Structures are given as C-alpha cells and as structure tokens.
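Peer 1: Please read through the structure below; I'll follow up with questions.
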Amino acid sequence: MKKLTYFIHDGKGNYEPFYEYSIPNVGMDEFYARQLCTYFIIKGTQYELVSNEMAGDEEILVLEERGKNNSVLDEKNYRGKGIHVEFRRHRESENYRLIKAIPCRTHLDVIRYLLKDIIDVPDSGQMAVTSTEVDEDRGVYVLYVKAIEENDME
C-alpha cells in the first residue's frame, strides 16, 4: 500500500476522486484505521463508507454523501494534540453525548477499538459499538456506543 484514496459515488454510477493520503505522509496503521471507520467527516459534511477496495498498491474507499455534519455542544478539536478516540452515545435524542475521550499512542491502539463490537469504555464498562467515524475536521476517531442490553427501538 502506498496510497489511500477516497472516492465519492454519486449514486448514478460515477466515482470522483475526493481525498488522498500517501506513505510517508501517514503510516500504514492510519491507513488501516481509516478503512475501519463507517463514516468520514470533512469540511462539515458527513460521508458513509459503501465500499472498501484495493487496486495494486492503492487502497480505495468509496463514499456516499450523507449531508451536513451536525455539530454537538461538547465537541473538541484535537488537531495537533495527538491521536484521540471519543466514545459517544449513539442516540441523536441524547445529542450524541460524550462519554469519554482518551489519547492513544498509535493508530494501532485505535484499531483495537475499531475492530470490536463490544468494547471497554474507560470509567463506563463494556458497551456495544453502533458505528465509527474519523472526523477529519476535529482530528479524532469517534465510536458511537450503547449499553449492551439497550434496544435500538428505545
């Protein structure tokens, strides 16, 4: 892998290159972490991952635009402050409340969280992951979680 390229699918069969990362600007561990995220936030817009592909030395992530990314009151910018993961409630009715934010030494530490369906949220115990995102605007990975026994219909 030498390059990670995001493409936008317009729903009509067209794919436009959108954003690109390359080695050595980012490491392999960041390439993998980004590929594990369900959503990508950049320039105030939310995109959903619809396909994760490879073509030779290139990693390709195909996204579809989901609209404006709505900010919440307790959002913090982590740019220039290292690698961070936020754990947030998965419900819009709870304004995606921040449960905990933690620093990570490497993207491999982030990947450990991104690979799991059930995680240990520091100071809160085990919770179920409902979705994940990389927020390029704020420089943070976000895991949306719920109580393990919580029904999505509540």
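Peer 1: Can you pull out the residues in the stretch 66-97 that are of a type in the set (Asp, Glu) and over 16 Å from the mean Cα position of the chain (by Cα)?
Peer 2: Scanning the stretch 66-97 gives ASP74, GLU92, GLU94.
Peer 1: Okay, next question. Which residue is least open to solvent (accessible area, probe 1.4 Å), if the candidates are limited to the stretch 90-114 and must be modelled with pLDDT under 95 and either of a type in the set (D, E, K, R) or farther than 22 Å from GLY44 by Cβ (or both)?
Peer 2: Across the stretch 90-114, the extreme among qualifying residues is ARG91.
Peer 1: Would you mind finding the one in GLU75, GLU64, GLU86, GLU58 that is open to solvent by 30 Å² or more (accessible area, probe 1.4 Å), acidic (Asp, Glu) and either without any contact (Cβ under 8 Å) to a residue 12 or more places away in the chain or under 25 Å from SER124 (Cβ atoms) (or both)?
Peer 2: GLU75
Peer 1: Based on what the data block shows, is ASN151 open to solvent by 30 Å² or more (accessible area, probe 1.4 Å) and in contact with a helix residue (DSSP H, G or I) (Cβ under 8 Å, 6 or more places away or on another chain)?
Peer 2: no
Peer 1: Does the stretch 133-140 include one or more residues that are in a strand (DSSP E or B), open to solvent by 30 Å² or more (accessible area, probe 1.4 Å) and closer than 14 Å to CYS37 by Cα?
Peer 2: no
Peer 1: Follow-up question, since we're still on this one. Please enumerate the residues belonging to the stretch 16-33 that are loosely packed, with under 14 Cβ neighbours inside 10 Å and within 11 Å of LEU63 (Cα to Cα).
Peer 2: Hits for the stretch 16-33 are GLU16, PRO17.
Peer 1: Could we say that TYR39 is under 16 Å from the mean Cα position of the chain (by Cα) and over 17 Å from ARG138 (Cβ atoms) here?
Peer 2: no
Peer 1: Further, regarding this structure: Take the residues in the stretch 12-29 that are more than 20 Å from LYS43 (Cβ to Cβ) and under 17 Å from the mean Cα position of the chain (by Cα), then tell me which one is modelled with the highest pLDDT.
Peer 2: The qualifying residue modelled with the highest pLDDT is ASP29.
Peer 1: A further question on this structure: With respect to ASP123, determine if the residue is open to solvent by 20 Å² or more (accessible area, probe 1.4 Å), part of a loop (DSSP other than H, G, I, E, B) and on the phi > 0 side of the Ramachandran plot.
Peer 2: Considered against the rule, which asks whether it is open to solvent by 20 Å² or more (accessible area, probe 1.4 Å), part of a loop (DSSP other than H, G, I, E, B) and on the phi > 0 side of the Ramachandran plot, ASP123 comes out as yes.
Peer 1: Any residue that is farther than 25 Å from ASP117 by Cα and without any contact (Cβ under 8 Å) to a residue 12 or more places away in the chain - is there at least one of those in the stretch 31-46?
Peer 2: No; the residues of the stretch 31-46 include none that is farther than 25 Å from ASP117 by Cα and without any contact (Cβ under 8 Å) to a residue 12 or more places away in the chain.
The values are calculated or read from the model by the stated rules, or taken from the named source; none is laboratory data. In this text, all values refer to a predicted model and were calculated from it rather than measured experimentally. In this analysis, Cβ positions are derived from the backbone assuming ideal geometry, glycine residues included, and neighbour counts consider all displayed protein chains. Side chains are part of the model used for accessible areas, which takes the heavy atoms of the whole protein and leaves out ligands, DNA and RNA. Shrake-Rupley method; radii C 1.70, N 1.55, O 1.52, S 1.80 Å.
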